[in-house]
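The values are calculated or read from the model by the stated rules, or taken from the named source; none is laboratory data. All figures in this text were calculated on a predicted structure; none of them were measured in a lab. Cβ sites come from the backbone with ideal geometry, for glycine too, and all protein chains shown count toward neighbours. All accessible areas refer to the heavy atoms of the entire protein, side chains included, with ligands and DNA or RNA removed. Shrake-Rupley method; radii C 1.70, N 1.55, O 1.52, S 1.80 Å.
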Amino acid sequence: MKIIKSKGPEIFDIELEKDLLSKNRSLAKANRKKLDRLNITAIDVMGSIGSGKTSLIKALIKKLNRGEEVGVIAGDLTTTIDADRIQEEGARVIQVNTGKECHLDANLIRQAIDQMKLEGVKFLLIENVGNLICPGEFPLGAHKRVVVTSVTEGPYMILKHPYIFKQADVIVLNKIDLAKAMKVNPSQLERDAKQINPKASFIKTNALSGKGIDQVIRALGL
Ligand code: MG
Ligand code: ZN
């Protein structure tokens with residue numbers, strides 16, 4: 001079979017992209033400094049649409065049982081659906097609508113942190129835009145990065161997106177209760193994950209029932 005492999009951006013885009021990514025990295029460093037100064041642990045929650053990022057965040061807040069110490073930045077193209085759902089848990093939520101952008105970046109997080117009331121906040125959970133591609137390239141300054149995937153996304157989701165799974169400190173396989181119905185083998189997904197990123201913790205969850213949430217909390221050091 002003939003395969004055409006992209007070697008990255010076209011020549012005229014290369015400088016632009018390098019600039020953008022390096023500017024993002026320096027803003028991410030500044031965000032981290034500010035968060036450290038404020039004694040806030042920040043987690044970047046990435047994953048595709050429908051994998052259960054919002055449900056995981058809700059489950060984490062519920063389990064931590066300290067809603068008032070949790071701040072959430074909810075990234076979404078246009079809606080406030082997720083932010084509304086998270087607010088039910090008693091956390092402080094700020095919505096970031098990215099318009100057409102398919103990822104959050106360190107500049108948007110800088111603005112969100114500036115505008116949030118952060119007194120008393122110990123944990124900042126950031127729900128990235130639903131997408132398994134570019135969020136990985138844009139560190140936000142968070143202390144840890146989670147990638148949420150679910151058995152309903154089929155058996156190849158991890159192998160097909162090596163870059164973002166390499167960036168993860170914790171890989172969550174959600175909707176584990178549906179594995180059988182989906183004919184997906186969780187152990188195979190775990191092997192795929194370990195092959196791509198041996199250092200990341202791999203945790204099976206059902207965010208709706210609370211299964212595995214304790215392990216996620218421990219792995220994230222919350
Ligand atoms: Mg969501
Ligand atoms: Zn993007």
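Please give the direction-averaged projected area of the C-alpha convex hull for the range 142-222, in square nanometres with one decimal. Spell out each step's value before the answer.
Values: hull surface 20.0 nm².
Result: a mean projected hull area of 5.0 nm².
Kirkwood analysis of the Cα pair distances in the range 24-126 returns a hydrodynamic radius of 13.8 Å.
A Förster distance of 45 Å, applied to the separation of the beta-carbon atoms of Gln195 and Asp114, puts the FRET efficiency at 0.65. Between the C-alpha center of the range 207-221 and that of the range 69-116 there is a gap of 22 Å. Using a probe of 1.4 angstrom and keeping all protein chains present, the accessible surface of the chain works out to 54 square angstrom per residue. With a cut-off of 18 Å on the backbone N, the residues of the range 142-170 near the modelled label site 7 Å out from Asn185 along Cα-Cβ are 151-160. Computed in the context of the full set of protein chains, the accessible area of the range 11-220 at 1.4 Å probe radius has 53% of its extent on carbon or sulfur. By a 1.4 Å probe calculation restricted to protein chains, Tyr156 has an accessible surface near 140 Å², given to the nearest 10. Label-to-label distance, Lys5 versus Ile49, with points set 7 angstrom from Cα along the beta-carbon direction: 3.1 nm. If both residues of a DSSP beta bridge must be in the chain, then about 5% of such bridges are antiparallel.
Each peptide among 43-53, 75-85 gets the average number of other Cβ atoms lying within 10 Å of its residues, and from highest to lowest they stand as 43-53, 75-85.
Take the Cα radius of gyration of the range 22-61 and divide it by 2.2 N^0.38 Å, with N its residue count; two decimals is plenty. Write down the numbers at each step before the final one.
Details: Rg = 13.4 Å, N = 40, 2.2 N^0.38 = 8.9 Å.
Computed over Cα atoms of the range 22-61, the ratio equals 1.49.
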